[in-house]
1. For segment 153-209, what does the alpha-carbon gyration tensor say about shape, rounded, prolate or oblate, given a ≥ b ≥ c as the root eigenvalues, a/c under 1.5 as rounded, and a/b over b/c as prolate?
2. Using a Förster radius of 56 Å, what is the FRET efficiency between ASP150 and ASP323 based on their Cβ-Cβ separation? Nearest 0.05, please.
3. Sequence neighbours fewer than 8 away in the same chain don't count; with that in mind, list the lysines whose C-alpha is under 16 Å from LYS267.
4. Working out 0.36 nm times the residue gap between LYS79 and ASN30, then minus their Cα-Cα distance, what length gain in nm do you get to one decimal?
5. Long-range amide H contacts for ASP84: which residues qualify at under 5 Å (H placed 1.01 Å from N, peptide plane, sequence gap of 5 or more or a different chain)?
6. Could you give the length gained on full extension between ARG182 and ASP217, defined as 0.36 nm per residue of separation minus the Cα-Cα distance, in nm?
7. Is the shape of segment 91-139 rounded, prolate or oblate, going by the alpha carbon gyration tensor and its root eigenvalues a ≥ b ≥ c, with a/c under 1.5 for rounded and a/b larger than b/c for prolate?
8. For segment 55-68, take each phi angle, set θ = phi - 60°, evaluate the Karplus expression 6.51 cos²θ - 1.76 cosθ + 1.60, and give the result in whole Hz per residue in order, putting x for glycine and proline.
Amino acid sequence: MQNGIVVAGYLGVDVLKEVTGFPQAHELDNIESVTLALGGLVNNCGRSLALLDPNLPVRACGRIGTDGYGDELLRQLGKYKNIDTSMLLREGQTAFSDVLSNIHTRERAFLTFMGASAEFSERHVPIDELDCKIFHVGYVLLLKSLDEPDEEFGTKMARLMKRVQERGIWTSVDVITNASGRHKDLMPPAMKYADILCINEHEAAASIGIRLRDGDDRLILENIPKALARFKELGVRRWAAIHAPEGGFGLDEHGKYHVVPGAIVPKEFIAGTVGAGDAFASGLLLGAYRDRPMDEALEYAIAAAVSSLSKGDASEGVLELGDALKLLGTFERRRF
């Protein structure tokens, strides 16, 4: 059971809209451009992994619609020779997101229709037939059926992950950033059955209630090891990681703390930040798949995230790992 990585859960289409600002109620701002791109964990991580290692078997598992968006999604994924789409089921309408990107600040906002992905559940995963080393699933908070409570495991997501773990497969889970307040209810059950957890500082803080940024938006560095230790206490078995623009931070299977500084990327290099977190997670997963030590995997993750910034699409900027590491080497690194 070492045959590649399965990426499962939410997938859809991103309608990327570059805007001059985010309007308040009754106000108007301009849309400067509109681009259609693939989005969601399955698309973003699947393509990022496929680009980082063109020889890695990647399997996409999820639900898409029988509509034009679904057709386009399959056409785009079909460009990657190492992505298997045979576990993508078609029914209803494909999920989509309006991704609003401020052309001045590169801040983002999202409007999402969950569509067919909302009903993705354990019954759509051929668990007994999975042939992979890692099963990466998400997003918690966007998968309605898997977010439902479960009497035994806390959530349906936790039940799915437990069943996959029982096959001897490493599990990994991701969550979206939003202001729902539900992270603290939905993430701990999933963490209990995760071998790998890689989320950003905002998602981490919302999940466990440890502040990771201060009032001036500075990273509270001394709290990061505490947050990672809490992930482990909640059940994360192997690697617990937090990513932020400042760098990648992790606690490995031996309890060793790792800090890998991020890159100082010139503004003119950044075409878009959509998908950078998924690219980071993909780099980390590739390191785990290759049985590399965590500090090396975090370097892979930062290289993947930096290369993803070069294009507005979530994943198309990701380079093959060797080239991504060379690109990373051209940038100054942050200091702590």
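Every number in this text was worked out from the coordinates using simple rules, so none of it is lab data. Just so we're clear, the structure is a prediction, and the values are computed from it rather than from any experiment. In this analysis, Cβ positions are derived from the backbone assuming ideal geometry, glycine residues included, and neighbour counts consider all displayed protein chains.
1. Since a/c reaches 1.5 and a/b is larger than b/c, the shape of segment 153-209 is classed as prolate.
2. Values: r = 43 Å, r/R0 = 0.77.
My answer for the efficiency is 0.85.
3. Excluding near neighbours in sequence, the set is LYS311.
4. Numbers: separation 49, 0.36 × 49 = 17.64 nm, distance 3.33 nm.
Value of the extension gain: 14.3 nm.
5. Here VAL58, ARG59, ALA60 satisfy the definition.
6. Values: separation 35, 0.36 × 35 = 12.60 nm, distance 2.23 nm.
10.4 nm is the gain from fully extending ARG182 to ASP217.
7. On the way: a/c = 4.70, a/b = 1.92, b/c = 2.45.
It comes out oblate by the Cα gyration axes.
8. 9, 7, x, 10, 10, 9, 10, x, 10, 10, x, 8, 9, x
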